[in-house]
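Report on one structure; see the data block that follows.
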Amino acid sequence: MNTKEINIAFCFDENLWMQAGVTITSLLETSKNTTKYSIYCLISNSINTTIQNILESNLKKYSSFNSIKFINVENKLTNIKSKQYKPMYYRLLLPQVLPPSIDKVIYTDVDLIFNDDMQDLYSIDLTNYYIAATKDGYKGNDQHSLWKKYKICSIAKKEQYINSGVLLLNLKNIRNNKIYVCWLKLAERESFPFHDQDIINITCKDKIIFLPEGYNFSYDNAKIIHFSCGGKKPWSMHSENLKFAELWWFYAHKTPFTSFFLANYYKSNINSLSKVLPKWIGRFICWFVLNKETRHKFFNKYVKI
């Protein structure tokens, strides 16, 4: 079988590691068995070997030629201003922590699912560019001092402001021109309202290929469905009417995390449930999903001790 190798990266801490598992599952489910994915996960200290083993075990259900590697970057961002949002800045470390032999990588957030193979995206020629990304629908924050200081408003008004949730990065050009050094210096100097996204827009201006919106938003026939609008996520409360939430749950059911997602979902919705059902029923559902036997079976099956 003729396979094409694609490097792809994800960044997460303990708050979103299961969601990362769903995202990776959707990636492999849509690979059409013609793509070899080399997956790189930039992680915090909280992603211990137990969690890594769980994610790797789920990967092994698919073609054996896919691989996953975990890179702990917790101590590489000790001086950034926005410490509360540190995992959002992990992607800025990709040129530095990935092997020098890797010239190109896809990066995506983990609040999305893949709806197609990524060969078309990966094959885009970035020779004279730093990144490829979709335009963000946000029109500008004229009131924020940092947007004025770094002239981000003009980028947004020209409709050239991009969303950093899905990126194709030319690591070779970024390294050669020390762009990642600028990224880290800005992260240490300022706390931008849109964090790493503002930094990438400032430093990569005029060196961006704009992708079709189907690579980053919740549209019919989208290649990547990103749950980035309005703050609603498929696994959180009041997501019943969220477009494509059922597709996210389809992939979630193919992971070992379903009972945990359901438990958290019911817990977050217990107040809503009590309006139409006796409160004890909602509590019983949560207790049933979270019972010790279920947890023990999960860890005995998927965790290597």
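Bear in mind that the values in this text are calculations on the coordinates, not laboratory data. Being a predicted model, the structure only gives us computed values, none of them experimental. We place every Cβ from the backbone using ideal geometry, glycine too, and count neighbours over all the protein chains shown.
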Going through Lys36/Lys207; Lys4/Lys172; Lys172/Lys223 one by one, the pairs whose alpha carbons sit over 24 Å apart turn out to be Lys36/Lys207; Lys172/Lys223
Assuming a ≥ b ≥ c are the square roots of the Cα gyration tensor eigenvalues, decide whether the range 1-112 counts as rounded (a/c under 1.5), prolate (otherwise, with a/b larger than b/c) or oblate. prolate
Expressed in nm to one decimal, what extension gain is obtained for the pair Phe250 and Thr49 from 0.36 nm per residue of sequence separation less their Cα-Cα distance? 69.7 nm
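Near Thr35, within a Cβ-to-Cβ distance under 10 Å, what is the net charge of the other residues, with Lys and Arg +1 and Asp and Glu -1? List each step's numbers first, then the result.
Details: positive: Lys4, Lys32, Lys36; negative: Glu5, Asp117.
The answer is +1.
Ordered by packing density, taken as the mean number of other Cβ atoms within 10 Å over each peptide's residues, highest first, how do 163-171, 56-64, 125-133 rank? Working shown, then result.
Working: 163-171: 24.9, 56-64: 14.8, 125-133: 17.7.
In descending order of packing, they fall as 163-171, 125-133, 56-64.
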Using 7 Å Cα-to-Cβ label points, what is the Ser236/Lys207 separation (nm, one decimal)? 3.4
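Shape call for the range 149-256 from the C-alpha gyration tensor, a ≥ b ≥ c root eigenvalues: rounded (a/c under 1.5), prolate (a/b greater than b/c) or oblate? Numbers along the way, then the final one.
Details: a/c = 2.05, a/b = 1.94, b/c = 1.06.
Judged from the Cα gyration tensor, the range 149-256 comes out prolate (a/c at least 1.5, a/b above b/c).
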With a ≥ b ≥ c the root eigenvalues of the C-alpha gyration tensor of the range 104-178, is it rounded (a/c under 1.5), prolate (a/b larger than b/c) or oblate? oblate
Add +1 for every Lys or Arg and -1 for every Asp or Glu among the other residues with Cβ under 13 Å from the Cβ of Leu59, and state the total. +3
Among residues other than Gly165 whose Cβ falls under 11 Å from its Cβ, what is the net charge (Lys/Arg +1, Asp/Glu -1)? -3
Taking the simple approach of a point 7 Å from Cα along Cα-to-Cβ for both Lys267 and Arg175, what is their distance in nm? 4.2
Order by neighbour count: Asp120, Asp136, Asp13, fewest other Cβ atoms within 10 Å first, most last. Asp120, Asp13, Asp136
